[in-house]
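Worksheet: one structure, shown below.
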Ligand SMILES: [Zn+2]
């Protein structure tokens, strides 16, 4: 008998998770952390799915909207950021807490 210890997440589950994330984002704006709580996968995995959703959006006929992260210290907005993850620190004031980017899907 083979042990099933440490079995990887099957591909089917991954597709389901992505669909769940899409459903969540159609209902409103959420940060990756909130999505990770709702769908019960790690934040890191959420970002992976978001990247995929973004790349597939054009073909899928929908749009992934990103509300950019913002520095609460000086108000700097991270508009030109290609990566979806939250930036580490503000390039302007090098301080201030930074809000999480928010995501939503519109048709
Ligand atoms: Zn700042």
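Here, each number is a calculation from the coordinates, and none is a lab measurement. Please read all numbers here as calculations on a predicted model, not as lab measurements. So basically every Cβ, Gly included, is an ideal-geometry build from the backbone, and we count neighbours across all protein chains shown.
Tilt of helix 11-26 relative to the longest C-alpha principal axis of the chain, in degrees (0 to 90, nearest 10)?
That helix lies at roughly 40 degrees to the long axis.
Just need the relative contact order of region 21-71 here, percent rounded to a whole number, with Cα pairs under 8 Å and 6+ apart.
Worked out over region 21-71, it gives 26 percent.
I need 89, 40 ordered by Cβ neighbour count within 10 Å, fewest first.
Going from sparsest to densest Cβ surroundings: 40, 89.
Over all directions, average the projected area of the Cα convex hull of region 12-106 and note it in nm².
Dividing the Cα hull surface by four gives the mean projection, 6.1 nm².
Ranking 92, 66 by Cβ neighbours within 10 Å, fewest first, what do you get?
Lowest count first: 92, 66.
Residue 26 to residue 99: extension gain in nm, 0.36 nm per residue of separation minus the Cα-Cα distance? Write out the running numbers ahead of the final one.
Numbers: separation 73, 0.36 × 73 = 26.28 nm, distance 2.12 nm.
Result for the pair: 24.2 nm of gain on full extension.
Averaging sequence separations of C-alpha pairs under 8 Å and six or more residues apart, then dividing by the length of the chain, give the relative contact order as a whole percent.
That works out to 30 percent.
Using the count of nearby Cβ atoms within 10 Å as a rough guide to exposure, how do 14, 83 rank from fewest to most? It would help to have the intermediate numbers written out before the result.
Details: 14 16, 83 10.
With the fewest neighbours first, 14, 83 line up as 83, 14.
How long is the gain from residue 83 to residue 106 if the chain were fully straight, where each residue apart is worth 0.36 nm and the alpha carbon distance is subtracted? Walk me through the numbers on the way to the answer.
Details: separation 23, 0.36 × 23 = 8.28 nm, distance 1.98 nm.
Extra length from residue 83 to residue 106 when fully extended: 6.3 nm.
Could you tell me what fraction of 2.2 N^0.38 Å the Cα radius of gyration of region 50-107 comes to, as a two-decimal ratio?
Cα-based Rg divided by the globular estimate yields 1.27.
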